[in-house]
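Structure record follows, encoded as structure tokens.
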Amino acid sequence: MKNLSIISLFFIGLLFASCDKETPLPDPQPQPSNTGSIVFKFAHNVNGLALVKDSMMYTNTAGNKYEINEIKYFISDVILHNANGTYYSISNTDKHYVDNDIASTLTWNVGDNIPEGSYDSITFTFGITMAKNISNMFVNAPEIYMAWPEPLGGGYHYLMMNGKWEKAVDTINNFNFHIGIGQTYDGLGNIIGFVDNAFKVKLPASAFSISTSQTRVIQIVMNIESWFNSPIVWDFNIQGENIMQSQSAMSDACKNGADAFSIGYIN
Amino acid sequence: MKLFKYSFLSLVLCLAIVSCKKDEPIPTTTVTNDGPTPYVIQIPKFFPTILNIPADNPMTVEGIELGRYLFYDGRLTGKVDTLMSCATCHHIDKSFENGIGYGYGVTGIQTPHVMLPMINLVFNSSGYFWNGKISASNPNEHNRTLEDVVYLGLTAPHELHSDSVSCKNAIQNIPMYPPMFKKAFGSDVVTFKNIAKAIAQFVRTLISADSKFDRYLRGEAQLNASELKGYMIFNTEKGDCFHCHGTVLFTTNQFYNNATDSVFNDPRDRFAITGDPKDHGAYKATTLRNIELTGPYMRDGRFATLDQVINHYSEGLVWSPYVHPLMKKINDGGIQLTPTEKADLKAFLHTLMDSTFITNPAFKNPF
């Protein structure tokens, strides 16, 4: 692969970022004085059962036996939608890092004063949109360890899910199911552009109401198996084990990830 | 680390040097009525802003200065048969490593692992030593901080093998020191705790951020074609070095089984700390800054050269159930670099050499 200058990559990245710009949401509703608060909890399961790490006990739809060793990811731009089309955007912190091995990251007190009322859904961005995915914006652990290399688009991994899978009897391979900014390549293998792979997630059955001074605790659950089963049947033999430089594989992963999240409970 | 044998000659030499040092001028420091002068670490661009400085040992100009003298002072152990100091093994021109592998303490006992370079430790909150034993999460309150590392260095049989009484008495009786302790800690009574605090303060100032690659990032230098190709290998899946050696620190300070072995019987690996089976054979990913100075490599110094290290990752990986999943090419034996690619990667690693660091007057022997 030949080198492109950082500057040219940067401008190409900007070009793609501008192409991906979404239709803006309507203006948020004015914030009333009566507010509550929200705490998000994060959990990880496989088809409804709590994830058991480091154990080759799962089989995906393609028939690959696999185990999960690490799960780390960002969600950002959480929005609480009202039925009338208005919304409240979580703004105190617009990005949150989740690491299954770091208990403190599994609880996110968003810190916002949430206007009382009824909300009919919650959406968020999985990963960080390219416009906000700025290299070096995190300088401290653990977020800094999610850095996505500059030559590959920079910013941070959206997802780092590491594990092992059984390629054949007595053959265990590692896999790095990593998603971030994608690349497009010319026929010679030169990077000629970048792709914003961050995607919107609408949590099903996420309606809730909140009253003044009330704290809502909302659990968001990631089903690991969802990354591997639909709409793309993920086969490590086909999509690959290491996908940071395979935009087609990352695109498939993103399609699968759209329904990987659900509400565990709202208390 | 060199072995200092018992001998009459060394005793005489020791006494002679101690005697000679009595008349050395006491370094000048700024003292105010309010106590020592606070020292603010200048954080290089993009470096972590969370600093590993315990609340009970704030950085001060006087504390750092005292720490530097103690670091280099061969009288620190208080033993008449040795002039071993921290600097006996931690050489500035080797990035405060020894450059030869295992160290040997005063009594000739070998260190359990080869040395780690002392670079940018103030930015490391993930634990010191190859297995991260010294960390804030250690249930033993004496195994949590850089000050504790200093304590262990002064007392461990495979290092200075001294004791608190000998150390503090020796320093107390050297005329230049009580006034320095007074300036740094408000009392001219030397304590072992304050000795450790002062040395830890000095070590926290050892920041490397001026390699050729740093200057490249700042627009002050250009990498040549081979170095740029190596940079690309380092930062793409071709070499995939960045997952463990990324960020401006060139380490995550995390622990990985990097496929060097298939049998694990080291009682000081990461598993010894966590008890997690997947940590068998896992060790800290060391910083690659000044890596050309800090061989031999790996925790047991098995690789004498950077070429051997690169060969290991290219075609020498050893499978075991504990290999970290980031070692993605384990079943191919490695990342399979060509000779040219190896040369390019090595060229890039050489750009991490920080000559400013190893020649910084503030880090040098003050005697």
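With contributions of -39500 (n - 2.57) from each DSSP H run of at least four residues, the per-residue ellipticity at 222 nm computed over chain B stands at -9000 deg cm²/dmol. In terms of Cα atoms, the Rg and Dmax of the protein assembly as shown work out to 27.3, 92 Å.
What the Cβ-Cβ distance of B:TYR216 and B:ILE109 gives, at R0 = 51 Å and to the nearest 0.05, is a FRET efficiency of 0.75.
Take A:MET57, project a point 7 Å from its Cα along the Cβ direction, then tell me which residues of the range A:192-236 have their backbone nitrogen under 20 Å from it. Zone members listed by number: A:221-228.
Potential lengthening of the chain between B:ASP276 and B:LYS182 amounts to 29.2 nm, from the contour at 0.36 nm per residue minus the alpha-carbon distance.
Over the C-alpha atoms of the range B:225-272, the Rg to Rh ratio, Rh being the Kirkwood estimate, stands at 1.12.
Taking θ as phi - 60° and the Karplus parameters 6.51, -1.76 and 1.60, the scalar couplings of the range B:305-313 work out to 10, 5, 4, 5, 5, 4, 4, 4, 6 Hz in sequence order, x denoting glycine and proline. Rg then Dmax, both in Å and based on the Cα atoms of chain B: 21.4, 66.
Placing pseudo-labels 7 Å out from each Cα toward the beta carbon at A:ALA205 and A:ILE134 gives an inter-label distance of 4.0 nm. Were the residues from B:ASP34 through B:SER355 laid out at 0.36 nm apart, the gain over their Cα-Cα distance would be 111.9 nm. Within the range B:8-207, the proportion of C-alpha pairs whose separation exceeds 27 Å stands at 28%.
Against chain A, whose longest principal axis comes from its Cα atoms, helix A:6-19 is set at around 50 degrees. Across the range B:46-93, the volume of the C-alpha convex hull divided among the residues equals 126 Å³ per residue. Shown is the FRET efficiency for B:SER320 and B:SER226, computed with R0 = 41 Å from the Cβ-Cβ distance and rounded to the nearest 0.05: 0.75.
Using bins of 10 Å that start at zero, the share of Cα-Cα pairs per bin across the range B:129-219 amounts to 15, 36, 27, 16, 6, 0, in whole %. According to the calculation over all Cα-Cα pairs in chain A, the P(r) per 10 Å bin from zero is 6, 28, 33, 23, 8, 1, 0 %.
Consider a paramagnetic label point 7 Å from the Cα of B:GLN336 along Cα→Cβ; state which residues of the range B:211-244 have an amide N under 16 Å from it. Those under the cut-off are B:237-240.
Take each residue in B:318-329, count the other chain C-beta atoms within 10 Å of its C-beta, and the mean is 4.
On the basis of the beta-carbon distance and an R0 of 51 Å, B:THR49 and A:ASN237 show a calculated FRET efficiency of 0.70.
Tell me, rounded to the nearest percent, the portion of alpha carbon pairs in the range B:212-351 spaced more than 22 Å apart. For the range B:212-351, the share of Cα pairs beyond 22 Å comes to 37 percent.
Each peptide in B:184-191, A:67-74 receives the mean, over its residues, of other Cβ atoms within 10 Å, and ordering these scores from highest gives A:67-74, B:184-191. Volume per residue for the range B:294-367 equals 134 cubic angstrom (convex hull of Cα atoms). With axes computed from alpha carbons, what is the tilt in degrees of helix A:247-257 against the longest principal axis of chain A, rounded to the nearest 10 within 0 to 90? Roughly 40 degrees, rounded to the nearest 10. Look at the stretch A:166-176: the mean tally of other chain Cβ atoms within 10 Å of its residues' Cβ atoms is 3. Across the range A:227-244, computed HN-Hα scalar couplings (Karplus, 6.51 cos²θ - 1.76 cosθ + 1.60, θ = phi - 60°) run 5, 10, 10, 7, x, 9, 7, 7, 10, 4, 5, 9, 6, x, 9, 9, 10, 4 Hz from first to last residue, x flagging Gly and Pro.
Taking θ as phi - 60° and the Karplus parameters 6.51, -1.76 and 1.60, the scalar couplings of the range B:134-148 work out to 7, 8, 4, 8, 5, x, 7, 5, 9, 10, 10, 10, 4, 4, 5 Hz in sequence order, x denoting glycine and proline. Each Cα pair under 8 Å and six or more residues apart adds its sequence gap; the mean of these over the residue count of chain B is a relative contact order of 20 percent.
Using C-alpha pairs under 8 Å with a sequence gap of at least 6, the mean separation divided by the residue count of chain A gives a relative contact order of 25 percent. Sorting the segments A:156-163, B:233-240, A:100-107, B:275-282 by their mean number of nearby beta carbons within 10 angstrom, highest to lowest, gives A:156-163, B:233-240, B:275-282, A:100-107.
Considered as an equivalent ellipsoid built on the Cα gyration tensor, the range A:72-112 has semi-axes of 24, 10, 8 Å, the largest given first.
Looking only at the range B:307-349, which residues have a backbone nitrogen under 14 Å from a spot 7 Å from the Cα of A:ALA168 in the C-beta direction? Under 14 Å, as judged by backbone N against the label point of A:ALA168, lie B:331-332 of the range B:307-349. Between 0 and 90 degrees, the angle of helix B:8-21 with respect to the longest Cα principal axis of chain B falls at about 70 degrees.
Each Lys or Arg adds one and each Asp or Glu takes one away; over the other residues whose Cβ falls under 12 Å from the Cβ of B:LYS193, this sums to -1.
Throughout, read-outs are computed from the coordinates displayed, never taken from laboratory work. Every value quoted in this text rests on a predicted model; they were computed, and no experiment measured them. With ideal geometry, Cβ positions are generated from the backbone for all residues, glycine too; neighbour counts draw on all protein chains shown.
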